[in-house]
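Written below as C-alpha cells is the structure these notes are about.
The values are calculated or read from the model by the stated rules, or taken from the named source; none is laboratory data. What you are looking at is a predicted structure, and each value in this text was computed from that prediction instead of being measured. Because the Cβ atoms are built from the backbone with ideal geometry, glycine has one as well, and the counts that use them run over all protein chains shown.
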Amino acid sequence: MAGKIITHAQYNTNRVEEYYKHIVNKEEFILPRRYQKPKRIGIGAQGTVCSAYDLSRNNEKVAIKKLTKAFSKNHDAKRAYREIFLMKRMKHPSIINLLNLFTPCQTIDNFNHIYVTMECLDANLNQLKSMLLDHPRIQFIGYQMLSAVNYLHKCGVAHRDLKPSNIVINSHCVIKLLDFGLARSMLDLDHKPNPILTPYVVTRYYRAPEIILSIPYGVEVDLWSVGCILAELITKHPLMPGENLVDQWDKVCDIVGTPPLKFFDKVLAEDVKCYCLHRPRKAAINFNEKFPDQLFGGDPGIEHEHNCHLARHIISKLLIIDPADRISVEEALQHEYFSFFFDPSSLTPDYTGPFPEARFETGGTIEDWKYLIWEEIHSFVPED
Ligand code: AMP
C-alpha cells in the first residue's frame, strides 16, 4: 500500500513528481505515484528488484530495481554508472528494455538512491530448474542469447557476467539479458581492440579459461558463458562448479580436457603457467554420456537423436579452451541446431556504439560517478 507523500523531486527532464513511501520486505521503496503494489521479485549484487503495476502504462507489470549501495565504494558507483549508461543506449529484443530512471532525492548533495524501471518478465533461468526443456525451447533460448550477445559485441561491448540469474524469461520462452554492471567496452578511444582487462569478472562457474588464467581477453568470454548456460539448461546443474579459481581451472580440464601444451604459451604469469603445466593431463569427458538423449525433453525418434547430437556439438564448439579456436558468435547463430529460428538479419543488427564517450572506461572518483549518474537520470526521457 502506498504510504504518505514523502517528497517532491524533479523527475526526468522537467517535471516534478510526488513520491510515496512503500515498505517491501522491510525495505523502503520511494516511488512516484504511478507505481503501485510493489512486491519483491529478486535480489542482485547491486540491490533489490520488485515488481509493480504502472498506472501510466495501463497497469502493466514492470520491474523496479533499487540500487542500494551505489555510492558506498568506487567500484559500486562505477558499476551503477555502467549499468545505467548502457541500459539507456542498448535497444534489442533480447536485452531488457529500460522504461524509466528516477530518484526521489532533490539535490545531488543528498543523492543516494537510484531506481531503474524495466519491463518485467516471469523468472530467471535458474528458476527453470524443475522443467525438462525440449529442443525447440533450448534452441529458442540459445538463439536469443546469441542474438543479444552478437548485438552487444557489434556495439563494442562484452557483457562479461552472463549467467542464468542474469537472464529472465517469460511463459513464451522469450528471454532478455539483464545486468550490465560489469559490461565493458572492448575498444579504446582510438577504436582499436583493447584486450587487457580486469581478470576478476564473470561469476566463477561461467568464467572463460582466458580469464581464469589471466590471459588478455576479448569478447569471446561471453561465448564460453553461453556454452556453460546451455549445458546447465540441459543437466540442471552448473557444468563446472569450481570452489575457487584454481579449482575452476581443474573443473574446466575435467570437462573439456587439458589443452595442448602450445596453448600455455599464451599464459603470461609464470606462476600460473607453472601450476598448469604441472597438473596431470586429462582427456575430455564424453559429451554423449554427460548429455545423454534422455536429458532432453520431447518424443524419442530420429529427429530427436539428431537434435541431441547438434546440441552437444554446439556446446562443444562454445566450450573450446583457446578463444582463438572457439566458435564465433556469427558462426554459432548459423549453427544447424538453431536453423529453425535463424534469421539472417540477426547477424547485422542495427546498433549504436561503440561508445567512445563512455566514461566508465577511465578512472573517476565516487563524486564523478555520482555526477554522471545524476546527469543520466535527469536527461532521461521515458517512452510514455
Ligand atoms: P539483478 O540485480 O539485475 O541481477 O536482478 C536480480 C534478480 O531479480 C534476477 O536474477 C531476477 O530474478 C530478478 N529480476 C531482475 N530484473 C528483472 C526483470 N526485469 N524481470 C523479472 N525479474 C527480474
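For the reader, a short list of remarks on this structure follows.
- If you go through the range 124-151 and keep only what is touching a strand residue (DSSP E or B) at 6+ places or on another chain (Cβ under 6 Å), within 16 Å of the ligand (Cβ to nearest atom) and outside any helix (DSSP H, G or I), you end up with just N124.
- Qualifying residue in the range 23-45 (condition: out of contact with any strand residue (DSSP E or B) (no Cβ under 9 Å at 6 or more places or on another chain) and over 18 Å from V381 (Cα atoms)): yes
- Considering the range 40-54, and only residues there that are at pLDDT 95 or above, within 11 Å of the ligand (Cβ to nearest atom) and not polar (S, T, N, Q), the residue that is surrounded by the most Cβ atoms within 10 Å (Cβ to Cβ) turns out to be C50.
- Extreme residue, surrounded by the most Cβ atoms within 10 Å (Cβ to Cβ), among residues of the range 256-284 that are under 16 Å from E210 (Cβ atoms) and aliphatic (A, V, I, L, M): V256
- The number of residues in the range 318-343 being closer than 16 Å to F287 by Cα and either free of Cβ contacts under 8 Å to residues at least 24 places away in the same chain or outside any helix (DSSP H, G or I) (or both) comes to 3.
- Index of the failed condition, Y19 passing every other in (1) part of a strand (DSSP E or B); (2) among the hydroxyl-bearing types (S, T, Y); (3) surrounded by fewer than 19 Cβ atoms within 10 Å (Cβ to Cβ); (4) away from the ligand (no atom under 16 Å from the Cβ): (3)
- For E367, the criteria (1) without any contact (Cβ under 8 Å) to a residue 60 or more places away in the chain; (2) farther than 29 Å from V116 by Cα hold in every case but one, which is (2).
- Within the range 184-207, tally of residues that are farther than 24 Å from L268 by Cα and at pLDDT 70 or above: 0
- Count of residues meeting criterion [part of a loop (DSSP other than H, G, I, E, B) and away from the ligand (no atom under 12 Å from the Cβ)] in the range 55-69: 2
- So K290, is it within 20 Å of H237 (Cα to Cα), under 23 Å from the mean Cα position of the chain (by Cα) and modelled with pLDDT of 95 or more: no
- The test for being within 16 Å of the ligand (Cβ to nearest atom), within 23 Å of L55 (Cβ to Cβ) and either touching a residue at least 12 places away in the same chain (Cβ under 8 Å) or small (G, A, S) (or both) holds for L101.
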